[in-house]
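Asker: Below you'll find the structure I mean.
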């Protein structure tokens, strides 16, 4: 993995996929509430699945688990939707057996107005991870990197361990809501940039904390940076400057940082590299995105490693194992020459993806990925 992410040629193309929470739950059989909240259960699940799929690396996407989470529970109910946890503070969380949790706060979060917002009110330390669709994962200030430490201690000597931070742009969208936040880029760009700057400072500190806890790489999750969501010029103005600072801070620590953006990114591959990232993840192929692996390899393959490009829906989830095998072989034929390629799904492994469809990836890499 280290050679594939750098300038060297490994013995073979490494294999490492990001896994959706739903897939991990279905494959491990753990309680959804425990998997989400318990650092020990979460770490065990990652280690078990790495072994089952023979991945060469582990992405630790959640960190900062609250150690006293069980003491915060008032009661737990079993419903058709999943485990329903009622918290002592009045909040309620539904934990499906095949998907992300759905959290309902007792008191709805007030959405501030950008026009009179003081960026200095944003905490200096990032205290949550904006996971998806308004779902936040709180970071305990005294246990910020416990999951990283567990995985590094148990697997770090043999496998590549990657930490994850989230783009400042995601925090900005989360704070003001998508509609107001996007309108604010046009109506009040200077204040938007002040907010982005403040979040960047916190994300940089978090990324450097991951490095201090001995991760081998830092992934920057930036799902809203694709062309289906924001224009190339807005990307340059409101995303690139701030993600560049994160990439630079990690690089100065001697660790590669790579960017993860879903969907259509064909028109900004060069900008992603220009931002200072060592690698690019996803590169969703049509119809999920618009990136052809051969074109991406030609344009940026000599300046950044490429991780991904297997369609996680139409191939890995829906196809028979032989088609997955042929698709993975094709990705290797295109991505392998000259190094700098990691065989992976474009985005996360979907919940109901058959186990054998994932296991075949390492077999194909053993057979066709050697140098």
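Asker: Jot down the per residue volume, in cubic angstrom and as a whole number, of the convex hull over the alpha-carbon atoms of region 141-183.
Answerer: Normalising the Cα hull of region 141-183 by residue number yields 82 Å³.
Asker: Mean-square fluctuation check for the chain, GNM, Cα pairs under 10 Å: which of 244, 166, 28 is largest?
Answerer: Its mean-square fluctuation being the largest, the pick is 28.
Asker: Pick out which of 52, 147, 221 has the largest mean-square fluctuation in a Gaussian network model of the chain, springs linking Cα atoms closer than 10 Å.
Answerer: Top of the fluctuation ranking is 52.
Asker: Taking the Cα centroid of region 1-80 and of region 90-146, what is the distance between the two, rounded to the nearest whole Å?
Answerer: Result: 20 Å between the Cα centres.
Asker: Here is a follow-up. Using a 10 Å cut-off around each Cβ, can you sort 51, 323 from fewest to most neighbouring Cβ atoms?
Answerer: The most exposed by this proxy come first: 51, 323.
Asker: Moving on to the next point. Ranking 162, 213, 65 by Cβ neighbours within 10 Å, fewest first, what do you get?
Answerer: 213, 65, 162
Asker: Kindly provide log₁₀ I(q)/I(0) values, in the same order as q = 0.15, 0.16, 0.21 Å⁻¹, from the Debye equation applied to equal alpha-carbon scatterers of region 155-234.
Answerer: -0.61, -0.67, -0.96
Asker: Also, I was wondering about something else. Give me Rg/Rg_expected for region 67-113, where Rg uses Cα atoms only and Rg_expected = 2.2 N^0.38 Å with N residues.
Answerer: Output field value: 1.28.
Asker: Here's another thing I want to ask about it. Please tell me the relative contact order of region 68-108 in percent, rounded to the nearest whole number, where contacts are Cα pairs under 8 Å and at least six residues apart.
Answerer: 27 percent
Asker: Taking a ≥ b ≥ c as the square roots of the Cα gyration tensor eigenvalues, with a/c under 1.5 meaning rounded and otherwise prolate when a/b beats b/c, else oblate, which class fits region 187-299?
Answerer: Oblate, since a/c reaches 1.5 and b/c is not below a/b.
Asker: Name the residue, out of 347, 115, 282, whose mean-square fluctuation peaks in a Gaussian network model built on the chain with Cα pairs under 10 Å.
Answerer: 115
Asker: Further question on the same structure: Let me make sure I get this right: for region 39-174, a, b and c are the square roots of the gyration tensor eigenvalues over alpha carbons, sorted descending. Under 1.5 in a/c it's rounded, otherwise prolate if a/b > b/c, else oblate. Which is it?
Answerer: Oblate.
Asker: Same structure again: In deg cm²/dmol and to the nearest 500, what is the mean residue ellipticity at 222 nm of the chain if only DSSP H runs of at least 4 residues count, each as -39500 (n - 2.57), divided by the residue total?
Answerer: -12000 deg cm²/dmol
Asker: Next question. For region 102-193, compute the orientation-averaged projected area of the C-alpha convex hull (one quarter of its surface), in nm².
Answerer: The orientation-averaged projected area of the Cα hull of region 102-193 comes to 8.1 nm².
Asker: Could you tell me the calculated FRET efficiency between residue 326 and residue 107, based on Cβ-Cβ distance and R0 = 41 angstrom, to the nearest 0.05?
Answerer: 0.20
Values in this text are rule-based calculations from the coordinates and carry no lab data. The structure displayed is predicted, hence computed values, not measured ones. All Cβ positions, glycine included, derive from the backbone under ideal geometry; neighbour counts span all protein chains shown.
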